[in-house]
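Just so it is clear, none of the values below were taken in a lab; they were calculated from the coordinates. In this text, all values refer to a predicted model and were calculated from it rather than measured experimentally. Reconstructed Cβ throughout: ideal geometry from the backbone, glycine too, with neighbour counts over all protein chains shown.
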Amino acid sequence: MTTASDVVDKSFADLGLGGNICRQLAEMGAESPFPIQAATIPDVLAKRDVLGRGKTGSGKTIAFGAPIVERLMENNGGKNRKMGRAPRALILAPTRELAMQIDRTVQPIARSVGLFTTTIYGGVPQGRQVGALQRGVDIIIATPGRLEDLVQQGRIDLGNITITVLDEADHMCDLGFLEPVQRILRQTDPEGQRLLFSATLDKGVAAIIDEFLVDPSTHEVAGEDQASSTIEHMVFVIEHRSKAEVIRELCDRDGKTLVFSRTRSYAEQLADDLDDANIPATSLHGDLNQSRRTRNLQMLTSGRVDVLVATDVAARGIHVDDIDLVIQADAPDEYKTYLHRSGRTGRAGRHGVVVTLITKQRQRRMKELLERAEIDVEFIDVRPGDDIIAEVARG
């Protein structure tokens, strides 16, 4: 396990990345490597398979994105940029939000050395994606469903893929993508390099590791254990009738807040309720088309709104470094969902707070869930106007 103390005074150049890439990382605010980056980048450059286990927010996109670009430049790999060239690297993500987020990090790194990326995901017409492939790209960032569609149409040849990344592999398996991922990997270069990142190593993920990773270099992301990280966890036991008022009091604050609801209609209702209380808010859920989802998320990142109310469609796809409060208006049903929601705050070593609202009847189920997540949390009886709400709101 690599910790922060192990990477003091280390630079990206020390890890083996070239000058253009290092300069681009510095422009992106990555002045020096995080532990997961220092641990994995040398192994990726050494062409080893890598298994990275850890929660979100650890900086793993740069951990695989930067060395992939470096590797594609080996042996004059940047010289053969002809029209219609087949991609050489593939990054698979479970959701289109995550695919877009990865591209926002990897694209500028690739462009710094003259390489090109494109995103491939469903929910939008395929014309623009096909057009990019026809022009020629070096790195594809894709969700499994749309990628398989384009492969079956003969639009993509995966035979030249020499580096494949599976990001958040556990969530891909949860969404039913195990078999599509296996089919996709079998079409890539059998001698190629595979990098897999996952918060958990459940049965489906283990099957992928067993079939496709050869003697992987294994890394645990230090400091990303939810129980010991910079995330503070709290459970408020409330009366159901006071839920809306408690949420309003928690959200009436400076700073970005993410609220999770179970249903799309409740997400809309909560956002409207907060707006009516002069707390700028918007929602994110599966009923919105891609342009609306992108716009609403941009409203949060740009500061036009302070609160985003989301269903679990957002639990994996949101990358906003300065969300410092997550409110679970509806408690999750499983511990993995809890961990993924919690991972939206406390990112990159910053402090974050996760508040879960439950009624007395739910206490036993919540305690069992937190035990599975290995999180020790005090349960606090709370009413509107209590000092603890104001303390959390102040940060």
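Couple of notes before you dig in:
- Working note: Cα gyration tensor of segment 231-394, eigenvalues times five, square-rooted, sorted largest first, giving semi-axes of 23, 18, 15 Å.
- Estimated distance in nm for a label pair at LYS203 and ARG23, the labels positioned 7 Å out from Cα along Cα-to-Cβ: 5.2
- Along segment 180-187 the Karplus relation, 6.51 cos²θ - 1.76 cosθ + 1.60 evaluated at θ = phi - 60°, assigns HN-Hα couplings of x, 5, 4, 4, 5, 4, 5, 8 Hz to successive residues, with x for each Gly and Pro.
- Residues listed by number, segment 127-155, amide nitrogen under 15 Å from ASP189 label point at 7 Å toward C-beta: 138-140
- Relative packing of 297-306, 250-259, which averages over residues the other C-beta atoms within 10 Å, highest first: 250-259, 297-306
- Its Cα gyration tensor gives segment 4-220 an equivalent ellipsoid. The semi-axes, each the square root of 5 times an eigenvalue, are 25, 21, 15 Å from largest down.
- Computed P(r) (all Cα pairs; segment 175-294; 10 Å bins; percent): 9, 25, 23, 24, 15, 3
- Seen from ASP215, the other residues with C-beta closer than 10 Å to its C-beta sum to a net charge of 0, counting Lys and Arg as +1 and Asp and Glu as -1.
- Amide H contacts under 5 Å for VAL235, placed H, 5+ residues apart: THR356, GLU378, ILE380
- FRET efficiency estimate (nearest 0.05) - Cβ-Cβ, ASP386 to ALA46, R0 56 angstrom: 0.55
- Counting only DSSP H runs of at least 4 residues, each contributing -39500 (n - 2.57), and dividing by the residue count of the chain, the helix-based mean residue ellipticity at 222 nm comes to -11500 deg cm²/dmol.
- Computed label-point distance, nm, for sites HIS351 and GLU374 using a 7 Å Cα→Cβ extension: 2.5
- From phi via Karplus (6.51, -1.76, 1.60), per-residue ³J(HN,Hα) for segment 161-173 in Hz, x at Gly/Pro: 6, 9, 9, 10, 10, 10, 9, 6, 4, 5, 5, 4, 5
- Close amide H partners of ASP189, meaning residues 5 or more places away or on another chain with modelled amide H under 5 Å apart, are ILE161.
- Percent RCO, i.e. relative contact order, over the chain, from Cα pairs under 8 Å lying at least 6 residues apart: 18
- Residues whose amide H lies under 5 Å from that of GLU220, counting only those 5 or more places away or on a different chain, are THR2, ARG53; hydrogens are built 1.01 Å from N in the peptide plane.
- The residues neighbouring VAL377, those whose beta-carbon lies less than 13 Å from its own, together hold a net charge of -4 under the Lys/Arg +1, Asp/Glu -1 convention.
- Protection proxy ranking of 14-21, 60-67, 142-149, by the mean of other Cβ atoms within 10 Å over each peptide's residues and highest first, is 60-67, 142-149, 14-21.
- For segment 40-51, backbone phi angles converted through the Karplus equation (6.51, -1.76, 1.60; θ = phi - 60°) give residue-by-residue couplings of 9, 4, x, 5, 5, 5, 7, 6, 7, 5, 10, 10 Hz, Gly and Pro being listed as x.
- Within segment 259-322, the proportion of C-alpha pairs whose separation exceeds 20 Å stands at 16%.
- Coarse-grained scattering of segment 69-155 at q = 0.20 Å⁻¹, given as base-10 log I(q)/I(0) from a Debye sum over alpha-carbon atoms: -0.91
- Here segment 242-270 is scanned for amide nitrogen atoms under 20 Å from the site 7 Å beyond the Cα of ASP276 along Cα-to-Cβ, giving 242-253, 259-270.
- For the chain, convex hull of alpha carbons as volume per residue, Å³: 135
- Relative to the dominant Cα principal axis of the chain, helix 290-302 is inclined by about 70°.
- Loop trypsin sites (Lys or Arg not before Pro), segment 333-395 (other Cβ atoms within 10 Å of the site Cβ: 14 or fewer; DSSP): ARG350
- Average Cα contact separation per residue, segment 231-394, under 8 Å, 6 or more apart, as relative contact order %: 37
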